[in-house]
1. Using θ = phi - 60° and the Karplus form 6.51 cos²θ - 1.76 cosθ + 1.60, what ³J(HN,Hα) does each residue of region 295-302 get, whole Hz, x for Gly and Pro?
2. Please give, to one decimal in nm, the separation of the simple spin-label points placed at Ile18 and Ser219, each 7 Å out from Cα toward the Cβ.
3. Output ³J(HN,Hα) for region 267-275: one whole-Hz value per residue in order, computed from phi by the Karplus curve 6.51 cos²θ - 1.76 cosθ + 1.60 with θ = phi - 60°, and x for Gly and Pro.
4. So the label point goes 7 Å from the Cα of Glu249 along Cα→C-beta, right? Which residues of region 298-330 then have their backbone N under 15 Å from it?
5. From the Cα gyration tensor of region 222-327, with a ≥ b ≥ c the square roots of its eigenvalues, which class applies: rounded if a/c is under 1.5, or else prolate if a/b is larger than b/c, or else oblate?
6. Would you please give the residues with an amide H less than 5 Å from that of Gln345, counting only those at least 5 places away or on a separate chain, with H modeled from the backbone geometry?
7. Val250's amide H: which non-local residues (gap 5+, or another chain) put their own amide H closer than 5 Å, with H modeled 1.01 Å from N in plane and none for Pro or chain starts?
8. Going by amide H atoms built from the backbone, whose H comes under 5 Å of the H on Ala338, apart from near neighbours?
Amino acid sequence: MRRLGSPVAGGDRERGGIAVVVAILMVALLGFAALAVDVGMLYAERTQLRNGSDAAALAVAQKCAKDINDADCSAASTLARGLANGNAGDGASNVAALLLDKANRTVTVTAGAQEPGKTPNQVSLFLARAMGINSTDVLATSAVTWGSPVKGPTAFPVAFSVCQVRGHVDGSLQLLQNHGSNANPDCNYGPSGAPVEGGFGWLVSDPGVCGGLIDLAVSEGGSDPGNSSPANCAATLNRWASDLTAGKEVVVLLPVFDRVTGTGNGAVYGLTSFAAFKVAGWKFSGNSTLPDAFRNTAPTVPSSVACDGNCRGIIGSFIKYVSLADGFTLGPVDANGATIVRLTQ
């Protein structure tokens, strides 16, 4: 006669084996939980730190681009530290390192998390403690360079005379003419009838677009003495008009020349820098409506800079301007030109 207790004893052994397997798997499950929870927390912390290091590095570079002697253009910048802290979710981040190389126009900021009572840059972990890992370092590094553009796109096929820029990067309103009886007499470069008789000249646009790629190391050929509206620029001019009507600023980086040879369509411009021009109005042909003319007469603009009748020109001002524009090759800062700051890391 069989004993009924034997199968029960075997079942107990099986249940004991399952308990061992579950115990082993729990270690792996805790490890995966630590990976999901703690790594997610560290990723979020690093994202906040990166926001702070980006903001800090860009701010220092912008200060240096405007004025190399600015108090915040230094490794002790209080602005950089304020931005690193302000961009952290807990407000407890710090600038672990700020390296500034003025000669090479670069700044590198490293931001690290900081918890009260802990070594700077360390963040406490949660489930990873079960695996003996209590905390870990979290850092984010951003690098920015700055300089004046020496090669890149121009949004409009026009170049200005350096005599109109030098000493006038102060926001004062000007009328820059390229056609008219009294067209900027102080800026005549060539003989009578030269396309720069008024202080600026048309450049050759890239096929099918308004403007194109400009390289300051290469002289640019002229395209028109300026008695007609630039080709392929209707959409650009309409957009400028729309922005100005809406109260927005229109600031464009345009090339500056310091010498000219030839006349008319045969003019060749020697380019020296890009300047930031804040557009206020224009008149590019005999028409008095968009896109050829916009805000070119008083009282929309002061009578001293109005452009009417046979006048052909653009109204606006040169300003000190630091841009985040992409697509430019940078060089040393030009006192008369615009500057660009760019994240490199």
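1. So the Karplus estimates, Gly and Pro as x, are 6, 9, 10, 5, x, 4, 10, x Hz.
2. Modelled inter-label distance: 9.1 nm.
3. 5, 10, 9, x, 8, 10, 6, 10, 10
4. The answer is 316-325.
5. oblate
6. Under 5 Å from the amide H of Gln345: Ala143.
7. Val279
8. When sequence neighbours closer than 5 places are left aside, the close amide H contacts are Phe274, Ala275, Ala276.
Values quoted throughout were computed directly from the atomic coordinates according to the rules given, and no laboratory measurement underlies them. No experiment lies behind these values; they were computed from the predicted model shown. Neighbour counts run over all protein chains shown; Cβ positions are idealised from the backbone, glycine included.
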